[in-house]
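Chemist: I am attaching a structure below and will ask some questions about it afterwards.
The values are calculated or read from the model by the stated rules, or taken from the named source; none is laboratory data. All of these numbers come straight from a predicted model, not from anything done at the bench. With ideal geometry, Cβ positions are generated from the backbone for all residues, glycine too; neighbour counts draw on all protein chains shown.
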Amino acid sequence: MGKLDGRTALVTGAGRGIGRGVALAMAAEGAAVGLVDIDPDSVKETAGLVEEAGSRALAVQGDVARRADCQAAIDRTVEAFGGLDILVNNAAWTPTPGLRLLEFDDATFGRVLETNLWSTFFCMQIAHSHFVARGGGAIINFASASGTIGNEAQGAYAAAKEGIRGLSRTASREWGPDGIRVNIVCPFANSPGMLDWAQLDPESHAAAIQQIPLRRVGDCRDDVGRVCVFLASDDASYVTGQTMWVDGGSGSVR
C-alpha cells in the first residue's frame, strides 16, 4: 500500500529537476501523475520514468505563465484520471546569470513573476473546484531562500517566491474549511539551477555547501520528493499554512 494510492497529482515544471523528483516520489507511493512543462521532450521523458515505476502518467506541454495552459493541463489530468487530489506548483524561471534590480527591464521582471507567482495563482484557482468535488486536497507550493534572505541579483525571483508564501498562507485560511491544505517547500537541491550555479561560480557554490550542517546538496527525489509525499498524504492531515525547509539546515531565516 502506497501513501498516495488512488490519488491523482498534477506537477508543474515536471520535465526535470525538482519537478521530476517530486513526480517520481509520488508515483512510487501510488499516485497517478499529470505532468506539465514548457519543454515537450523533457516532460515526455518524465512520463516514461513514472510509467517505468509502475504508475500512470500524462505528459502535457504548456507554459504555465498562461492561464489557458494551466486550465488545459488541469482539465486533461482530470479527464485522464477522474479527478484531482494533489497540486504541486514547482514551475519556475529566473535569468541566469542573475540581474541586479537596476538591470531589470519590465518584460524580464514580469516574466519571472508570471512563471513563478502568477502560474501558482492560476493553477490554485482553477484546481479549487476539483478539490471541493473530492472533499478536499493538498497543494504544495515552492518558495526559496532567495526570498526569505533577499539574495543579491535575485530581486524578481525573491519577490515572486515571497509572494507565493503570502498567497499560500492566505489560501490555507480561506480554503481550510473546504478540506484543502496548502503548504510551502523551500528546497536546496540538485536542480538544474543549482547545477548552473556550480558551473558559473564554483567557489561560491562550494562555500554554500560548507554552510549546510549536513554538508550535502539535497536529492530532488529522495529528499525533496519524499517531503512532498508527506505533505500530500494523510500523515500531514493536520498540517497547513506551513513552510517546510528542505535544505539540510542551511536556511538562516525561518
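Chemist: Out of G251, G193, G241, I need the residue that is closer than 24 Å to R7 by Cα and either in contact (Cβ under 8 Å) with a residue 60 or more places away in the chain or of a type in the set (S, T, N, Q) (or both). Which one?
Modeler: Numbers: G251 fails: closer than 24 Å to R7 by Cα; G193 fails: closer than 24 Å to R7 by Cα.
Being closer than 24 Å to R7 by Cα and either in contact (Cβ under 8 Å) with a residue 60 or more places away in the chain or of a type in the set (S, T, N, Q) (or both) holds for just one of G251, G193, G241, which is G241.
Chemist: Go through (1) touching a Pro at 6+ places or on another chain (Cβ under 9 Å); (2) among the polar types (S, T, N, Q); (3) surrounded by fewer than 24 Cβ atoms within 10 Å (Cβ to Cβ) and name the single condition T94 misses.
Modeler: The number of the failed condition is (1).
Chemist: Related question: Pairs please, first residue from region 58-84 and of a type in the set (F, W, Y), second anywhere and surrounded by 15 or more Cβ atoms within 10 Å (Cβ to Cβ), Cβ atoms under 6 Å, 6+ apart in sequence or on different chains.
Modeler: Filtered contacts from region 58-84: F81/T8; F81/A32.
Chemist: Using beta carbons and a limit of 6 Å, which pairs, at least six apart or on different chains, have the first residue in region 6-30 and without any contact (Cβ under 8 Å) to a residue 60 or more places away in the chain and of a type in the set (D, E, K, R) and the second one buried (at least 24 other Cβ atoms within 10 Å of the Cβ) and not in a helix (DSSP H, G or I)?
Modeler: Pairs that qualify, where the first residue is without any contact (Cβ under 8 Å) to a residue 60 or more places away in the chain and of a type in the set (D, E, K, R) and the partner is buried (at least 24 other Cβ atoms within 10 Å of the Cβ) and not in a helix (DSSP H, G or I): there are none.
This table checks each residue for (1) within 23 Å of M124 (Cα to Cα); (2) modelled with pLDDT of 95 or more; (3) crowded, with 18+ Cβ neighbours inside 10 Å; (4) charged (D, E, K, R).
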position: M26; (1), (2), (3), (4): yes, yes, yes, no
position: L35; (1), (2), (3), (4): yes, yes, yes, no
position: K44; (1), (2), (3), (4): no, yes, no, yes
position: E52; (1), (2), (3), (4): no, yes, no, yes
position: S55; (1), (2), (3), (4): no, yes, yes, no
position: D63; (1), (2), (3), (4): yes, yes, no, yes
position: R66; (1), (2), (3), (4): yes, yes, no, yes
position: A73; (1), (2), (3), (4): yes, yes, yes, no
position: E79; (1), (2), (3), (4): yes, yes, no, yes
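Chemist: Take the residues in region 150-182 that are of a type in the set (A, V, I, L, M) and not in a strand (DSSP E or B), then tell me which one is nearest to the chain's Cα centre (by Cα). First the steps, then the outcome.
Modeler: Pass one, region 150-182, residues of a type in the set (A, V, I, L, M): 153, 156, 158-160, 164, 167, 171, 180, 182.
Right, trim to not in a strand (DSSP E or B) and you get 153, 156, 158-160, 164, 167, 171.
Values: A153: 22, A156: 17, A158: 15, A159: 16, A160: 13, I164: 11, L167: 14, A171: 16 Å.
Per the criteria, the residue is I164.
Chemist: Something else now. Restricting to region 117-164, count the residues that are within 18 Å of T243 (Cα to Cα), crowded, with 18+ Cβ neighbours inside 10 Å and of a type outside the set (A, V, I, L, M, F, W, C).
Modeler: Total meeting the criteria: 10.
Chemist: State the number of residues belonging to region 214-250 that are more than 13 Å from the chain's Cα centre (by Cα), in a helix (DSSP H, G or I) and closer than 19 Å to S168 by Cβ.
Modeler: Looking only at that region, the number is 2.
Chemist: Still on this model: Going through region 183-204 one residue at a time, which ones are assigned to a helix (DSSP H, G or I) and over 14 Å from G248 (Cβ atoms)?
Modeler: Of everything in region 183-204, those that are assigned to a helix (DSSP H, G or I) and over 14 Å from G248 (Cβ atoms) turn out to be P192, G193, L195, D196, W197, A198, Q199, L200, P202, E203, S204.
Chemist: Could you look through region 112-149, keep only residues that are assigned to a helix (DSSP H, G or I) and of a type in the set (S, T, Y), and pick out the one that is farthest from A65 (Cα to Cα)? Full working, then the answer.
Modeler: Residues of region 112-149 assigned to a helix (DSSP H, G or I): 112-134, 145-149.
If we keep only those that are of a type in the set (S, T, Y) too, we end up with 115, 119-120, 129, 146, 148.
Working: T115: 5, S119: 5, T120: 9, S129: 20, S146: 20, T148: 23 Å.
Restricting to residues being assigned to a helix (DSSP H, G or I) and of a type in the set (S, T, Y), the top hit is T148.
Chemist: I would also like to ask the following. Hey, could you check region 102-132 for residues that are of a type in the set (F, W, Y) and touching an Asp or Glu at 6+ places or on another chain (Cβ under 9 Å) and say which is nearest to W175 (Cα to Cα)? If you could, list the steps in order and put the result at the bottom.
Modeler: If we filter region 102-132 for residues that are of a type in the set (F, W, Y), which is where we start, we get 104, 109, 118, 121-122, 131.
From what's left, touching an Asp or Glu at 6+ places or on another chain (Cβ under 9 Å): 122, 131.
Working: F122: 15, F131: 10 Å.
Here the answer is F131.
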